[in-house]
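The values are calculated or read from the model by the stated rules, or taken from the named source; none is laboratory data. Keep in mind the model is a prediction, meaning the values are calculated, not measured. Glycine also receives a Cβ, built like all others from the backbone with ideal geometry; neighbour counts cover every protein chain displayed. For accessibility, only protein heavy atoms count, side chains too; no ligands or nucleic acids. Shrake-Rupley method; radii C 1.70, N 1.55, O 1.52, S 1.80 Å.
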Amino acid sequence: MKKYVILMCAIGVMLFTTGCEKTNTLNCTKTETDDDGYKTTETIVVTSKNDKVSKVEQTSIQEMEADLVDSTISFGETFSSAFNEIDGMDMKYSKESETSIKLTMSVDFAKLDMDKLKEAFGSDLTDDSFYSSKDMTVEEFKKENLEGYTCN
């Protein structure tokens with residue numbers, strides 16, 4: 001009986017402590033049209049735990065001239081390979097249509113190796129980058145990164 005009570009207490013403590021973490025998701029979008037009439041649609045999904053940003057997933061679909069699609073993807077893949085070598089980051093370019101590309105990028109701040117990130121990008125890593133800090137509140141993230149976005 002004593003083992004049963006101890007086991008139940010342990011399970012209760014475990015459920016109580018894991019149940020206290022509050023997870024929220026913020027979905028934001030922005031569409032812009034450049035001077036040539038090509039549209040870019042961005043979606044950012046921010047996952048937070050206890051009001052701290054824990055993961056950011058960004059999707060960008062960009063229209064362009066058909067003859068630029070393949071070369072843009074090729075350049076993007078070269079660029080993204082540096083990001084993909086860093087724990088917690090994932091970036092992919094793909095062909096969305098004959099006249100548009102898709103960029104998906106995700107940052108998992110729990111896995112993000114900031115030292116490796118700083119080493120790889122040095123002075124190119126600025127405080128303006130949404131992946132420059134592992135300890136950002138949702139309000140700070142919104143203020144610094146989501147101007148012009150519609151969020152719900």
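Taking a straight Cα-Cα cut-off under 23 Å and skipping sequence neighbours fewer than 8 places away in the same chain, the lysines within cross-link reach of Lys134 are Lys22, Lys49, Lys52, Lys55, Lys92, Lys111, Lys116, Lys118, Lys142, Lys143. The HN-Hα couplings worked out from phi for the range 138-152 by the Karplus form 6.51 cos²θ - 1.76 cosθ + 1.60 (θ = phi - 60°) are 4, 5, 4, 4, 4, 5, 8, 10, 10, 5, x, 8, 9, 10, 9 Hz, whole numbers, x standing for Gly and Pro. If you sort Ser71, Ser100 by accessible surface, 1.4 Å probe, largest first, the order is Ser71, Ser100. Assuming a ≥ b ≥ c are the square roots of the Cα gyration tensor eigenvalues, decide whether the range 19-152 counts as rounded (a/c under 1.5), prolate (otherwise, with a/b larger than b/c) or oblate. Verdict is oblate for the range 19-152.
How do Cys151, Cys28 rank by accessible surface area computed with a 1.4 Å probe, from largest to smallest?
Heavy-atom accessible area, descending, gives Cys151, Cys28.
Shape of the range 20-97 from its Cα gyration tensor (a ≥ b ≥ c, root eigenvalues): rounded if a/c is under 1.5, otherwise prolate when a/b > b/c, or oblate? Oblate shape, in that a/c is at least 1.5 and b/c is the bigger or equal ratio. Between Thr137 and Thr43, the simple label model (points 7 Å from Cα in the Cβ direction) yields a spacing of 2.9 nm. For Tyr149, the accessible surface of its heavy atoms amounts to roughly 30 Å² (probe 1.4 Å, protein chains only, rounded to the nearest 10). The 3J(HN,Hα) values that the Karplus relation (6.51, -1.76, 1.60; θ = phi - 60°) gives for the range 110-118 are, in residue order, 5, 9, 5, 9, 5, 5, 5, 5, 5 Hz. Gly and Pro appear as x.
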